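Remarks on the structure that follows.
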Amino acid sequence: MRSPGFRFLIVGLLTLLMFIPLMMVSDIVNSRLSYSQSTISSVGAEWGGPQLLSGPVLVIPVREEVQVTVQRDVVDPATGRVMLHEESGQPLKQSFEEVRVEKRRAVYMYPDQFDVALETATQLRHRGIFQVPVYQAEADLTLTFPFAAASEVLTGAEELLWDEAQLWVTVTANRALRGDAVLQADGRAIALEPNPEGAGIQATLGDPRGVGSFHLTLGLNGAERLEIAAVGRTTRVTIKSDWPDPSFHGAFLPDGSEISEQGFAATWTIPHLARNLPQVAREDHDSRARRDTGFGVSFYQPNDFYQKAWRASRYGILFIALTFLTVLLIEGQRAKPVHPVQYILIGLAQATFTLLMLAYAEQIGFSAAYLLATGATIALLLMFGALGLKLGKRTWVLGAMLVVLYAVLYLILYSTDYALIAGSTLAFLALAATMFATRNEEWYGPPRAAGQGWFGRRKAGENDQQ
């Protein structure tokens with residue numbers, strides 16, 4: 001049966017069959033992507049990993065004098081022995097009042113004014129065929145504290161131990177710190193030490209109430225992300241970098257940014273009403289601040305070839321279907337139509353295109369790899385059309401269609417923003433062209449001649465013996 005309707009149906013089923021190799025290609029792309037991400041994470045972790053800077057927070061110990069009633073054994077002054085009860089034989093007890101000094105929960109105070117200037121220099125590290133962007137950051141922090149507010153959270157006879165006040169600054173990992181970290185109080189240097197409570201640094205300030213402002217500078221290594229928590233009553237942050245592709249994220253987006261091929265600069269101004277943190281509290285809110293108020297920038301590698309290869313595998317069924325459709329339309333009613341196996345070979349060649357593109361993209365970059373894979377695939381299909389399908393001059397029609405298809409695919413892969421409109425427009429135009437080209441088609445076709453099999457092949461039997 002060689003009716004156009006039947007052949008269209010067979011080609012449609014063959015197209016659906018091509019989902020199998022395309023899904024296998026997609027799995028391979030995802031596997032390579034996972035391998036790439038694990039490599040990036042490994043190299044980034046060795047360099048310092050993603051960095052989130054939180055604090056600084058002023059920690060003020062608290063004590064309270066309390067009067068308690070205690071009991072003690074009654075001692076015989078003559079013998080020095082504990083006196084016993086005559087009936088029970090138990091030691092005699094006497095009560096008395098005693099004043100004790102007990103520690104209470106510390107007071108945690110966030111800055112009133114918190115100004116941060118971050119500047120990074122990036123570089124590419126290599127492991128095998130993979131490139132990993134890492135950075136070295138210099139942080140410059142200026143802060144003031146509302147000291148008078150500390151007493152507002154005290155109760156009873158509690159007393160602030162100002163002489164034991166400490167400043168805590170939290171980082172993701174101490175091993176990321178590089179260079180000298182310097183803390184100054186109105187120009188006076190204060191020693192810094194690792195924080196035994198967790199990742200970060202601390203300084204014992206003495207009584208800080210006479211200090212107008214603190215200034216902290218530190219250097220740190222990192223990879224992938226650089227973030228800071230908005231803990232000040234007013235937080236102002238500036239980030240400058242030589243990385244040309246920033247991706248801003250987190251609880252707050254920048255008020256303004258300038259991005260060029262030479263790098264970027266971004267600024268944030270965050271008032272206290274925008275962050276749900278108490279200025280002064282009796283508990284440490286650092287983990288909450290890191291979770292809810294962290295923001296910053298990712299050192300993004302835009303639209304990398306793994307994303308492109310994955311999208312190519314997803315759009316692959318559309319391009320295989322359009323190629324099948326082109327072959328079906330240009331072959332016409334030949335005495336020997338294209339066989340289903342030949343359609344499968346065409347589909348497998350186009351499915352292999354994605355693997356070929358990805359394999360070479362890892363070595364020579366996306367654009368060169370796409371050009372190489374496209375040229376090889378089109379050349380193979382043109383040769384197969386001319387020699388295997390015997391399309392003759394109609395081979396050039398197939399070639400023109402393939403050039404258009406892969407040009408549109410390049411647009412889809414290169415620009416995420418226009419991928420949907422390009423793909424949907426191509427599918428609509430292909431459907432419209434098919435409908436126009438087959439407007440006069442006799443879908444049921446003439447009856448199949450005796451002895452003729454599917455797709456024009458003669459049945460084995462008497463005719464073979466004649």
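The values are calculated or read from the model by the stated rules, or taken from the named source; none is laboratory data. A quick note: this is a predicted structure, and the numbers were derived from the prediction, not measured. Don't worry about glycine lacking a Cβ; one is built from the backbone with ideal geometry, like all the others, and counts go over all protein chains shown. Just so you know, the surface numbers come from the protein's heavy atoms only, side chains and all, with ligands and any DNA or RNA stripped out. Shrake-Rupley method; radii C 1.70, N 1.55, O 1.52, S 1.80 Å.
Restricting attention to segment 222-249, the residues being over 24 Å from Val280 (Cα atoms), open to solvent by 40 Å² or more (accessible area, probe 1.4 Å) and not in a loop (DSSP other than H, G, I, E, B) number 6. Considered as a group, the residues in segment 174-204 that are in contact with a helix residue (DSSP H, G or I) (Cβ under 9 Å, 6 or more places away or on another chain) and not β-branched (Val, Ile, Thr) include one that is farthest from Val280 (Cα to Cα), and that residue is Ala176. Does segment 80-87 contain at least one residue that is without any contact (Cβ under 8 Å) to a residue 24 or more places away in the chain, assigned to a strand (DSSP E or B) and either open to solvent by less than 40 Å² (accessible area, probe 1.4 Å) or basic (Lys, Arg) (or both)? For segment 80-87, residues without any contact (Cβ under 8 Å) to a residue 24 or more places away in the chain, assigned to a strand (DSSP E or B) and either open to solvent by less than 40 Å² (accessible area, probe 1.4 Å) or basic (Lys, Arg) (or both): absent.
Annotation: of all residues in segment 212-221 being open to solvent by less than 20 Å² (accessible area, probe 1.4 Å) and either out of contact with any helix residue (DSSP H, G or I) (no Cβ under 6 Å at 6 or more places or on another chain) or assigned to a loop (DSSP other than H, G, I, E, B) (or both), the one that is nearest to Ala45 (Cα to Cα) is Gly219.
Inspection of segment 286-296 finds no residue satisfying the criterion of being in contact with a strand residue (DSSP E or B) (Cβ under 7 Å, 6 or more places away or on another chain), among the basic types (Lys, Arg), in contact (Cβ under 8 Å) with a residue 24 or more places away in the chain and surrounded by fewer than 19 Cβ atoms within 10 Å (Cβ to Cβ).
The residues of segment 117-144 that are part of a strand (DSSP E or B), among the hydrophobic types (A, V, I, L, M, F, W, C), more than 30 Å from Gly210 (Cβ to Cβ) and touching a residue at least 60 places away in the same chain (Cβ under 8 Å), listed by number, are Ala121, Phe130, Val132, Val134, Ala137. Within segment 272-285, the set of residues being open to solvent by 50 Å² or more (accessible area, probe 1.4 Å) and touching a strand residue (DSSP E or B) at 6+ places or on another chain (Cβ under 6 Å) comprises just one member, Asp284.
Against the list (1) in a helix (DSSP H, G or I); (2) surrounded by 13 or more Cβ atoms within 10 Å (Cβ to Cβ); (3) modelled with pLDDT of 75 or more; (4) more than 28 Å from the chain's Cα centre (by Cα), the condition Lys390 fails is (1).
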